[in-house]
Structures are given as C-alpha cells and as structure tokens.
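Report on one structure; see the data block that follows.
The values are calculated or read from the model by the stated rules, or taken from the named source; none is laboratory data. Quick caveat: nothing in here was measured; it's all calculated off a predicted structure. Every residue, glycine as well, gets a Cβ built from its backbone with ideal geometry; the counts of neighbours run over all protein chains shown. These area figures cover heavy atoms from the full protein model, side chains too; ligands, DNA and RNA do not enter into them. Shrake-Rupley method; radii C 1.70, N 1.55, O 1.52, S 1.80 Å.
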Amino acid sequence: MNRSDLTIYRFLLRPILFRLGGGDAETSHERTLHLLALLSRSRSLCRSLQLIAAVRDQRLARTVFGVHFPNPVGLAAGMDKDGVALPAWAALGFGFVEVGTVTHHPQPGNPRPRLFRLPAREALINRMGFNNAGAAALAQRLAATPVSIPVGVSIGKSKVTPLDQAIDDYRASFRLLFPYAAYAAINVSSPNTPGLRQLQDADHLRALLAALQRDNAEFGRADPRGPRPLLVKIAPDLSDAAIEELLAVCTDHAVAGIIATNTTIGRSGLEGIDPALVAETGGLSGQPLAQRARQVVQLIARATGGKLPIIGVGGIHSPDDALRMFDAGASLIQLYTGLVYCGPLLPRRINRALLAAGKER
C-alpha cells in the first residue's frame, strides 16, 4: 500500500468503518470480521485479494522454532478468536495467524461496551474477557478449514475456573487443539481475566509449563510432526527483574519462544485524552505501547543472548515501526491495532519495506 492508498483508508474508508453500529468499536469489528468470513468461503475472491495484498517472495520466508513462515508478519490473537476468517487473513498477505485467546469453556466475556477507540493516539482499550466459543468449537473449525499459512493457537484460563484448577483448564484446551496448532501460545498476561496474571509468577508458571510440556511430549509421540512449540505471552507491565525471572523459568522448561507483549494496564502517553475514556478499565494497545514493547523485546534478546525467538507485538503501525521491532530483536511480528488505524494492507507495506531494507531474514 503506497501513501495514497493509506490516505484513502484513513480519510475515506476508516471513517465509514468507525461509524458502523453507531460508532461502537466492537460492532464495527464484528461486521468487518463477518465480511471477511464470507470472503473466506470463496476461493476465487481470496485468490483475487491475494494478488492485490500479498507479497510473495522467498526472501521473506523464515523458519522459527521449527515452523516455516512464508513471511514474518502475523495477525495477533484477539482479532479472530474463533478462527472464522482464516483464508481471508492468508489472502491479505499475513505470514501466520494466531487464533484465540480460546478457553476450555465457552464464555461470553465481559459486559459490553468493552472496546474503546482513542483515535488521537491510534490506540484501543479493551476488556473483552476472552469472549469465545470454546476450545472444542475452535478445534472443529480448524479441522474443517484448510489454511496455507501456519496457525498458532493462544490458550487462556476460563473465567469460571478457579486459579488452583487453572493447569487442568489449560491442559484440556491444549489436548483439543494440539492436532491443529503450528504452535501454542500460553496466555498468562491478559489483564481482563481476574487472577490470570498471577500465573506469570515463577512458581505458578513453573507448574503450568511442566504439565503442558508433559502433555506435549505425550501427544507428540503419536503425531508425525512431534511436539508443538510452546510460547509464553507476557505483559509489558512486569519489571525487568520479573521478566528475567520469568525467562529463567521458560528456559528451564524448554519454552520455544516469547510473545512480547500483551496489552498494558498503564495509561502513559494518553495526556490530553478525555479523562473518562482514559479511566475505562482494560488493556491498552496501539501506539502508546510501542516503546515499552520494544524495550521488553530488547531485554529478552539481551538476557537470552538472542537464542530465544521473540514475536514482537505492540504499537506496530508502519513499516518503520516494524523495522524497529526487528532491530530490537524480534524474529516475527504481529499486528492488531495497527490494522484498525492503518488498514488491511499494512502487511504488504511492511513486507515490501523488509525487502527494500535488506532485512528479509
């Protein structure tokens, strides 16, 4: 997408999308996702979209934690929780998609409204609460949906499950989704499920990862592809010392990579925004998160000597943002809020920039 295309999106298409549902951000998201789901049913439409949106160049391909990615630009968890539009995301030029976060038990999530736009900062606040149809429904859909790119699965704790039963809850989802996951992302960092972030504490995380890796080894023995890479998604609000402690636990339990970062409960960078909007509870994503996300990626890369792959996510709204995230140490990146504000051809702009900068690998 060139600058004129970006201008068209920002000043023509985006205002239309933002007015859908009377300006309700979640309604706009749902209607857009519904259109993409309809598009996904047509192979000819997906092929046509791919000709416009995708950058197909072998120089962009890379293998990370044993998984081959046609390009390093992925869709972050949360955009398509139930995997209803997977062929469309591939047609838009993504190199991989992360579905979820999914829970063992289906759940409606938190009461609406629960998604809020902050256009002046190209940011979102969400308190969705893992609204999804459940792991069994996602497994059924993945089994029936051929996809040309890797699909990662983000797993979280069901809200109805007490914290002391969280391990069995994660294991139940992992068991159902193992056959269809290119990798599994263990989400212990969403701010919108009570108690979830306690699972980032060393003792909790150690027990969770040990149990999942035992299952991973068992399931892998019966699968030609073997065990799946397990990744841990962390919060940007952890102190540097806490991140280093978490990394030690991940290393001890053969975690394949880190996703950095989830949304933040902080509100820095929102000066001048309506105080009532800033006061909405939930996780903040978008441009205000960019600097901290890069800092966390840099910290992980430095602490692990660059040996632990990182998926960088947070505030990537332009090719320059993407290049800076790769320079910080990311092996792959993911987009979410950047799509909302900069349009669906953002992956194409980033992949073209990677080729132009000679940073395709």
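When restricted to Cα atoms, segment 1-88 yields an Rg and a Dmax of 15.4, 45 Å, respectively.
Sorting Leu20, Leu12, Leu230 on solvent-accessible area from highest to lowest, probe radius 1.4 Å, gives Leu12, Leu20, Leu230. Only helices enter the 222 nm calculation for the chain: every DSSP H run of n ≥ 4 contributes -39,500 (n - 2.57), and dividing by all residues gives -12000 deg cm²/dmol, rounded to 500.
From the alpha carbon centroid of segment 115-169 to that of segment 224-288 is 15 Å. Summary of packing: across the peptides 190-203, 308-321, the per-residue average of other C-beta atoms within 10 Å ranks them, highest first, as 308-321, 190-203. With the whole protein complex present, Thr281 retains an accessible surface near 90 Å², based on a 1.4 Å probe. How charged is the neighbourhood of Gly21? Take every other residue with its Cβ under 9 Å from the Cβ of Gly21, and add Lys/Arg as +1 and Asp/Glu as -1. Net charge around Gly21: -1.
Checking every one of the trypsin sites (Lys or Arg not before Pro) in segment 267-348 against DSSP loop status and a limit of 16 other Cβ atoms within 10 Å picks out Arg267, Lys307.
The residues Thr7, Thr145, sorted by heavy-atom accessible surface at 1.4 Å with ligands and nucleic acids left out, run Thr7, Thr145 from largest to smallest.
Between rounded, prolate and oblate, where does segment 185-273 land on the alpha carbon gyration tensor, with a ≥ b ≥ c its root eigenvalues, rounded for a/c under 1.5, else prolate if a/b exceeds b/c? Prolate.
When you restrict to C-alpha pairs under 8 Å that are six or more residues apart and normalise by the size of the chain, the relative contact order lands at 18 percent. Computed in the context of the full set of protein chains, the accessible area of the chain at 1.4 Å probe radius has 54% of its extent on carbon or sulfur.
Applying the criteria of a DSSP loop state and at most 14 other Cβ atoms within 10 Å to the trypsin sites (Lys or Arg not before Pro) of segment 30-73 yields Arg41, Arg56. Taking Rg and Dmax of the Cα atoms in Å straight from the coordinates, which label in [x] 18.9, 56; [y] 25.7, 85; [z] 20.9, 80 is the correct one? For Rg and Dmax of the Cα atoms in Å, the calculated option is [x]. In the context of the full set of protein chains, residues of segment 205-330 present 41 Å² of accessible surface per residue (probe radius 1.4 Å, heavy atoms only). Let me know the shape class of segment 125-197, please: from the alpha-carbon gyration tensor, a ≥ b ≥ c as square roots of the eigenvalues, rounded when a/c is under 1.5, otherwise prolate if a/b is greater than b/c, or oblate. Cα axes put segment 125-197 in the prolate bin.
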